[in-house]
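What follows is one structure encoded as structure tokens, with my remarks underneath.
Laboratory data are not the source of any read-out in this text; all were calculated from the coordinates shown. Everything numeric in this text was worked out from a predicted model, so none of it was measured. Cβ coordinates were reconstructed from backbone atoms using ideal geometry, including for glycine residues, and neighbour counts include every protein chain displayed.
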Amino acid sequence: MKKSLLSLLLLTALPTALSAQEETPVRKREPFVRQHELRLTVGAYPLMPYLAGSGCDAEHAFGFDRTHRGPVYTSGAWSLSYDYRFKKWFDLGLMLGYYGEYSTSYNNRNPSLTNRNRAHYLTIMPVARFTWVNTRWVRMYSALGLGATVGFGHDAYEGTRLHDATLALQCTPVGIAVGRSLFGFAEVGLGAQGVLMMGVGYKFKPKNKLTK
């Protein structure tokens with residue numbers, strides 16, 4: 001009697017178990033889809049070249065300074081970049097950046113203003129980005145850029161004028177981005193974009209592609 005009852009229970013439970021197993025969804029791995037990415041970045045302490053046209057004037061060279069420089073103000077290093085994500089681990093893009101320095105010179109004999117000093121730097125730089133942590137919400141990466149910086153403006157205190165182009169470099173060992181389509185990011189590096197950087201970005205996929 002007990003054996004018959006146990007067999008009946010097993011026969012009753014077996015179809016239910018098989019049905020539950022069939023209904024369990026199998027999670028498929030989504031194929032990688034190439035992406036576009038736009039970024040706005042602001043950085044602190046960029047390494048900018050000193051592009052001088054003429055050397056120091058005679059007064060500065062022999063120590064007969066009649067002027068002194070006031071506080072130096074900077075704009076911060078601002079950049080706008082576009083990246084194309086070829087692989088899940090590799091992006092290639094182009095960065096356009098601006099950095100400015102502003103100061104004034106005063107007469108040593110009286111408090112009158114003598115000159116306004118302005119230095120502007122424009123940078124264009126291809127950038128390669130390598131992703132080494134990639135989850136649904138968090139991405140960690142390193143980046144390397146190599147391009148050119150053009151300086152223009154003048155510095156009356158130093159007797160120089162900016163008028164030339166030189167090599168520009170940005171090395172970013174660690175960066176972290178948090179978000180999905182719209183994301184924020186922070187980076188630590190060295191070069192034309194700065195030492196400490198942060199900003200916002202937006203990534204999107206080509207048309208007729210489902211978002212991740």
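Worth pointing out:
- Subtracting the Cα-Cα distance of Phe152 and Lys207 from 0.36 nm times their residue separation leaves 15.7 nm of extension gain.
- Placing a pseudo-label 7 Å from each Cα along the Cα-to-Cβ vector at Val200 and Tyr73 gives an inter-label distance of 2.5 nm.
- Here the simple spin-label model places points 7 Å from the Cα toward Cβ, and for Leu94 and Arg180 these points are separated by 3.1 nm.
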